[in-house]
1. Return the pairs, sorted by first residue and then second, in which the second residue is part of a strand (DSSP E or B), the first residue lies in region 38-58 and is basic (Lys, Arg), the beta carbons are less than 8 Å apart, and the residues are 6+ apart or on different chains.
2. So for region 142-160 (the condition being in the same structural domain as HIS89 (by TED's automatic domain parsing), surrounded by fewer than 18 Cβ atoms within 10 Å (Cβ to Cβ) and in contact with a His (Cβ under 8 Å, 6 or more places away or on another chain)), does at least one residue qualify?
3. Which numbered condition trips up LYS50, out of (1) of a type in the set (Lys, Arg); (2) out of contact with any His (no Cβ under 8 Å at 6 or more places or on another chain); (3) not assigned by TED's automatic domain parsing to the domain that holds ALA11?
4. Can you find a residue that is among the hydrophobic types (A, V, I, L, M, F, W, C) and within 28 Å of GLN84 (Cα to Cα) anywhere in region 164-186?
5. Among (1) within 19 Å of SER40 (Cα to Cα); (2) of a type outside the set (Lys, Arg); (3) assigned to a helix (DSSP H, G or I), there is one condition SER136 misses while meeting the rest; what is its number?
6. Against the conditions (1) at pLDDT below 90; (2) at negative phi, where does ASN170 fall short? Just the number, please.
7. Are any residues in region 175-203 in contact with a Leu (Cβ under 8 Å, 6 or more places away or on another chain) and farther than 18 Å from GLU216 by Cα, and if so, which ones?
8. Among the numbered criteria (1) modelled with pLDDT of 90 or more; (2) within 17 Å of the chain's Cα centre (by Cα); (3) farther than 30 Å from VAL43 by Cβ; (4) not aliphatic (A, V, I, L, M), which single criterion is violated by LYS156?
Amino acid sequence: MNLQKVNLYQASPWLIFRLKILELDQYRCVRCEKKNSERSLQVHHKYYIKGKMPWEYPFTACLVFCNSCHAQHHGKIRPRKGWQYMGYHICKKGKEKCGNCMTPIKHCYFLFHPQWGTLLVGEICCTQLTKTSYASSQRKKEMKRNRYLDIKKWKKTAKGNWIRRYKGHNIIVFTHHNAFFLKIDHRFGKKPFESFQKAQNHAFNIIQDGILDAYESQQATKTYL
């Protein structure tokens with residue numbers, strides 16, 4: 001499994017597809033019949049077809065295994081070292097458990113190991129398995145993102161634009177030819193966004209990650225907006 005394939009398992013279509021498979025098998029491992037309250041559940045593909053996305057298979061091509069049965073099926077024992085942090089999302093409350101310690105989790109972290117594949121874990125296990133602070137730093141970033149996205153902190157103008165100030169920058173989201181664009185301080189962005197939320201998130205990322213400040217201080221030629 002390569003890193004490009006790993007990233008597919010963070011995509012919204014996969015998360016929706018995965019949830020449907022879990023529902024069809026009643027949140028139960030088809031091998032040992034353990035429920036999601038007892039084991040971390042994973043979706044197993046019976047086969048793969050070159051060029052198909054993981055969520056483009058018929059539901060009958062997939063099974064639900066618990067993490068233990070999945071490992072036995074592939075003849076693997078989960079390693080304790082060498083895990084890489086791959087991504088994060090907020091889980092549907094009560095529907096996920098840490099694949100390492102079986103604790104119910106809300107903040108879910110995707111890990112990858114070359115000899116194992118993907119593993120969904122909570123913040124503590126992410127820190128322990130990766131030997132990094134990615135989990136805590138990502139959660140802090142998401143908390144900041146949620147406060148930043150709070151619509152109460154955005155002001156809508158008479159022209160229909162949305163405005164707010166964040167970390168010393170004036171952010172404006174405006175529409176043009178059925179697309180959303182950004183203006184940050186005196187710079188107009190050239191990149192169109194299909195929704196207000198995507199424009200908001202892009203502004204947050206380039207400001208929070210220091211990309212905009214680096215662009216301005218170095219007078220770079222690349223357009224980040």
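1. Pairs found: ARG39/CYS66; ARG39/LYS97; LYS46/CYS62; LYS46/LEU63.
2. yes
3. Single failed check for LYS50: (3).
4. Narrowing region 164-186 to residues among the hydrophobic types (A, V, I, L, M, F, W, C): 171-174, 179-182, 184.
Among the residues that remain, those that are also within 28 Å of GLN84 (Cα to Cα) are: none.
Checking region 164-186: not a single residue is among the hydrophobic types (A, V, I, L, M, F, W, C) and within 28 Å of GLN84 (Cα to Cα).
5. Answer for SER136: the failing condition is (1).
6. Answer for ASN170: the failing condition is (1).
7. PHE193, GLN197, ALA199, GLN200, ASN201
8. Among (1) modelled with pLDDT of 90 or more; (2) within 17 Å of the chain's Cα centre (by Cα); (3) farther than 30 Å from VAL43 by Cβ; (4) not aliphatic (A, V, I, L, M), LYS156 violates only (2).
The values are calculated or read from the model by the stated rules, or taken from the named source; none is laboratory data. All of these numbers come straight from a predicted model, not from anything done at the bench. Cβ: placed from backbone, ideal geometry, glycine included. Neighbour counts: every protein chain shown.
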